[in-house]
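Trainee: First the structure, which I've put down as structure tokens, then a few questions once you've had a look.
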Amino acid sequence: MISTTILRWKFMAIKIKPGFLFLVILVPALLFRFGGLSIRPMHTDEAVHAVKFGELLDNGVYLFDKNEYHGPTLNYMTLIAARLGSFDSFISLNESILRSVPALSGVMIILLLALLAGYTGWRIIITAALLLAISPAMVYFSRYYIHEMLLIFFNLAFIVFLYRYIRSGKPAWVLLSGIFAGLMFSTKSTWIIIFAGQLIAFLITVRIYGGPKPVRYMPSKFTATHIILFALSAAIPSVLLYSSFLQNPAGIADSIITYREYLSRAGADGLHIHPWYYYISLISIDSCSPLPFRADLWIFLSGIGGMIMAFTGKSTKSAKPSRSAKPSRPGEPGCNPIILFTAISALFSGIVFSALPYKTPWNMLYFYTTMVILSAFFFVQLLKNSGNTPLKAGYMALVTIIVLHLGWQSYSDNFKTFASPCNPYTYAHPGNDLLTITNEVEKVASISPEGKDLYIEIIVTDNGYWPLPWYLREFPNTGWWGEVNMEVPAAPFIICSPGNLPQLTKKLYEIPPPGQRRLYIPLLEHDPELRPGTEVSLYLRKDYYDRYARSNNRVLEY
Amino acid sequence: MSYPIVFTTLLLTGGLVAEAQMEPLDIELPRPMFVGTPSNFDVERLEEPHEAGRPPFLAPAGITNVALDKPVYSSGEPRTGELWRVTDGDKEATSYSVVELDAGHQHVTIDLEDVFNIYAIIIWHYHMSARVYHSVVVQVSDDPDFIFDVHTLFNNDINNRLGLGVGEDYHYVETNEGKLIDAMGVEGRYVRLHSMGNTDNDFNHYIEVEVYGN
């Protein structure tokens with residue numbers, strides 16, 4: 001009886017109340033993105049952006065740097081979040097408020113899909129929304145204070161609004177599309193790769209669906225005025241943001257010059273050079289999981305299936321794209337232009353990002369997002385084509401397993417192994433040792449006469465002390481050094497990487513005259529790691545140590 | 001108590017870089033003679049006894065106990081024991097290893113027989129039972145009479161009973177860890193240690209004194 005019911009189920013629920021289902025999907029999306037946002041230690045990149053934002057929050061100053069930090073949107077969006085949350089200083093900030101910006105972007109990506117339902121049908125949209133809501137990669141990087149999720153959000157908004165404009169001709173859509181194009185441009189240089197793929201996809205899609213006249217399905221009110229409107233709406237936010245709201249006009253030129261820097265560094269940083277199959281390996285296997293492969297692999301494989309369907313037009317029994325075919329209407333089977341566009345841009349971005357030697361896990365996110373949409377398309381077509389046969393029950397069981405696997409993987413990645421090296425999305429990620437260091441600094445400050453004005457010297461080779469500046473933001477008298485500075489007096493509390501020990505010894509025991517060579521004591525028995533492979537030692541001057549030991553005799557477990 | 005990681009790191013670093021090195025001194029501690037430390041001493045400005053072990057102090061590589069087997073003098077003849085036991089390397093709390101001096105203000109002086117940069121001094125007065133010694137003052141000088149060029153490294157004589165100045169350091173409870181004093185690399189040949197009785201009796205005791213320098 002139950003199986004019969006399942007077999008007869010024809011997505012009626014989706015047809016009846018798609019909006020309700022969409023809202024239901026938002027629940028796990030919100031929980032996964034906003035739950036326990038502060039549990040993961042800050043990554044170096046997050047800390048760098050946080051400190052950069054701190055300058056804006058504290059001093060009201062943001063200056064675009066064409067060499068570092070990417071674009072200004074992350075800073076200004078965070079400023080809005082901080083103001084709404086009544087955070088008025090860098091010191092008062094916490095991880096949750098910073099990460100709420102990408103987290104909200106992650107949710108907005110899902111919400112935007114609803115605007116395409118009229119062109120693809122709710123089934124694809126709801127399936128894609130569900131997959132995005134629980135996708136391990138999308139969840140992980142929605143909880144990461146970097147630009148990537150904003151870039152995906154702005155890009156998707158640009159595309160969605162542009163498509164709605166193309167289909168409706170209403171200037172409001174082209175205005176919105178322009179604004180988000182400007183925001184996309186103001187976020188991160190990699191937008192250009194995404195955009196290039198989308199331009200190619202657009203031209204091919206228009207060619208296929210537009211027949212001999214490429215603009216056949218362009219709106220009848222497509223006018224030069226709209227082009228100007230688009231250009232202005234794109235230019236104004238980007239000019240305002242890059243120029244720090246006209247306080248730094250040089251930022252406008254720098255927003256173009258930055259691409260020279262971007263191109264010169266694309267293959268130069270050996271730390272981020274990875275083989276072409278790097279992204280596939282990320283989503284395929286990990287050593288955390290007892291299962292033979294990661295849940296993301298389902299997305300990738302089904303996305304490939306969706307891509308093949310889109311290219312071959314064999315997604316349905318009858319649908320084969322033809323030059324004369326009009327875009328499919330809601331509920332109609334077939335490969336519509338949105339799916340074809342997605343497939344082409346996915347292929348392009350997948351090839352380009354894999355070919356570029358410079359790779360970080362978050363650079364795959366645009367490709368990943370398009371694969372989620374193609375995956376949704378694949379599953380919907382698979383179920384649709386299977387009719388009311390026992391095969392359909394099998395497919396539905398498979399989809400259920402995949403959803404459960406994705407949900408479990410997301411939970412594991414984001415709430416259990418969020419900083420573990422076995423999690424492929426961790427990228428030289430600091431672990432709990434970082435919190436140990438911070439706790440020790442807090443304890444020493446609590447017993448020192450100077451309190452949080454305690455003078456701390458932090459010496460880590462190649463200035464590799466990040467993300468400590470974030471964690472020690474309440475300590476204004478902290479000196480940050482890439483090597484030992486002999487000119488400044490030795491601090492009572494020193495955090496030093498092993499490579500700098502000879503110089504530190506010279507500073508402590510050779511340069512000072514006799515009678516001023518103070519005794520230091522290692523604060524921890526085992527040197528903690530700032531990041532995997534980057535150990536530091538904590539040294540406390542003995543008089544401070546004596547206070548420390550007196551104040552809390554059980555702190556040190558020697 | 002061992003610190004393999006710290007040692008290994010420092011040894012490896014030392015093998016690669018022929019520069020100044022810093023290393024933890026592995027001070028061999030005597031057997032503890034009592035468990036826990038009573039805190040009901042009626043002593044002003046007493047350091048809270050801590051049960052956790054003391055971490056190793058870091059010092060330039062190559063420094064040693066330059067007081068080992070060096071001559072020792074005292075302000076008066078010992079009541080029991082012999083002065084050479086203060087620097088004989090035996091830190092165990094036995095009646096054989098302890099030297100007892102008379103009641104009142106007494107001091108012992110160690111002649112290092114050369115001028116050294118002194119980084120740390122460790123004192124074991126008496127750790128057979130928990131007790132606090134009064135008016136502990138530690139000085140270093142090139143002058144055997146301690147008249148000129150005297151460096152006071154530790155002074156918990158908070159009432160200036162010895163007339164050497166008001167001390168600001170804390171009293172402490174004797175344990176097998178001894179009392180580690182930061183000598184700040186001071187130069188000197190003679191090390192003098194004062195005291196004036198303890199919480200159990202009026203006498204002054206020394207089991208061992210180590211002076212680390214180069």
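Trainee: Criterion first (surrounded by 15 or more Cβ atoms within 10 Å (Cβ to Cβ) and touching a residue at least 60 places away in the same chain (Cβ under 8 Å)) does B:His151 satisfy it?
Mentor: Spelling it out, it is not the case that B:His151 is surrounded by 15 or more Cβ atoms within 10 Å (Cβ to Cβ) and touching a residue at least 60 places away in the same chain (Cβ under 8 Å).
Trainee: Taking the condition of being facing another protein chain (nearest Cβ under 8 Å) and closer than 26 Å to A:Val460 by Cβ, how many residues in region A:542-552 meet it?
Mentor: Adding up the residues that qualify gives 3.
Trainee: Still on this model: crowded, with 18+ Cβ neighbours inside 10 Å and touching a residue at least 12 places away in the same chain (Cβ under 8 Å): does that describe B:Val115?
Mentor: When the stated conditions are applied, B:Val115 does not pass them.
Trainee: Let me ask something else about it. A:Ala181 versus (1) open to solvent by less than 10 Å² (accessible area, probe 1.4 Å); (2) under 29 Å from A:Tyr279 (Cβ atoms): which is the lone unmet condition?
Mentor: (1)
Trainee: Regarding region A:429-447, can at least one residue be identified that is more than 14 Å from chain B (Cβ to nearest Cβ), of a type in the set (D, E, K, R) and over 21 Å from A:Pro41 (Cβ atoms)?
Mentor: Within region A:429-447, not a single residue is more than 14 Å from chain B (Cβ to nearest Cβ), of a type in the set (D, E, K, R) and over 21 Å from A:Pro41 (Cβ atoms).
Trainee: Another question, if that's okay. Determine, yes or no, whether B:Glu100 is over 26 Å from A:Gln516 (Cα atoms), among the acidic types (Asp, Glu) and either open to solvent by less than 40 Å² (accessible area, probe 1.4 Å) or more than 14 Å from every other protein chain (Cβ to nearest Cβ) (or both).
Mentor: So B:Glu100 passes the test.
Trainee: Further, regarding this structure: When the residues of region A:509-533 are narrowed to those that are touching a residue at least 40 places away in the same chain (Cβ under 8 Å) and open to solvent by less than 30 Å² (accessible area, probe 1.4 Å), which ends up farthest from the other protein chains (Cβ to nearest Cβ)?
Mentor: A:Leu530
Trainee: Condition check: within 14 Å of chain A (Cβ to nearest Cβ) and open to solvent by 30 Å² or more (accessible area, probe 1.4 Å). Does B:Thr175 satisfy that?
Mentor: Taking the combined requirement at face value, the residue satisfies it.
Trainee: Is there any pair with a first residue in region A:455-477 that is open to solvent by 60 Å² or more (accessible area, probe 1.4 Å) and a second that is of a type in the set (Ser, Thr, Tyr) and in a loop (DSSP other than H, G, I, E, B) whose Cβ atoms are under 8 Å apart and which are 6 or more apart or on different chains, and what are they?
Mentor: A:Thr461/A:Ser497; A:Asn477/A:Tyr455
Trainee: Could you tell me whether A:Ala114 is touching a residue at least 60 places away in the same chain (Cβ under 8 Å), open to solvent by 20 Å² or more (accessible area, probe 1.4 Å) and within 30 Å of A:Tyr411 (Cα to Cα)?
Mentor: In short, yes.
Trainee: Could you identify the single residue in B:Val115, B:Val98, B:Val72, B:Val108 that is closer than 21 Å to B:Asn201 by Cα and at pLDDT 95 or above?
Mentor: B:Val108
Trainee: Among the listed residues A:Ser238, A:Ser281, A:Ser287, A:Ser244, identify the single one that is open to solvent by 90 Å² or more (accessible area, probe 1.4 Å), touching a residue at least 40 places away in the same chain (Cβ under 8 Å) and in the same structural domain as A:Lys170 (by the TED database).
Mentor: A:Ser287
Trainee: Still on this model: Restricting to region A:44-103, name every residue that is under 20 Å from the mean Cα position of the chain (by Cα), open to solvent by 70 Å² or more (accessible area, probe 1.4 Å) and at pLDDT 95 or above.
Mentor: Once the filter is applied, which keeps residues that are under 20 Å from the mean Cα position of the chain (by Cα), open to solvent by 70 Å² or more (accessible area, probe 1.4 Å) and at pLDDT 95 or above, region A:44-103 yields only A:Ile80.
Trainee: Here's a follow-up. Read through the list (1) at pLDDT below 75; (2) more than 7 Å from chain A (Cβ to nearest Cβ), then give the number of the only condition that B:Thr9 fails.
Mentor: Here B:Thr9 clears every test but (2).
The values are calculated or read from the model by the stated rules, or taken from the named source; none is laboratory data. These numbers come from a predicted model, not from an experiment. Here Cβ is always computed from backbone atoms with ideal geometry, including for glycine, and neighbour counts include all displayed protein chains. Heads up: the accessible areas ignore ligands, DNA and RNA and are worked out on the full protein's heavy atoms, side chains in. Shrake-Rupley method; radii C 1.70, N 1.55, O 1.52, S 1.80 Å.
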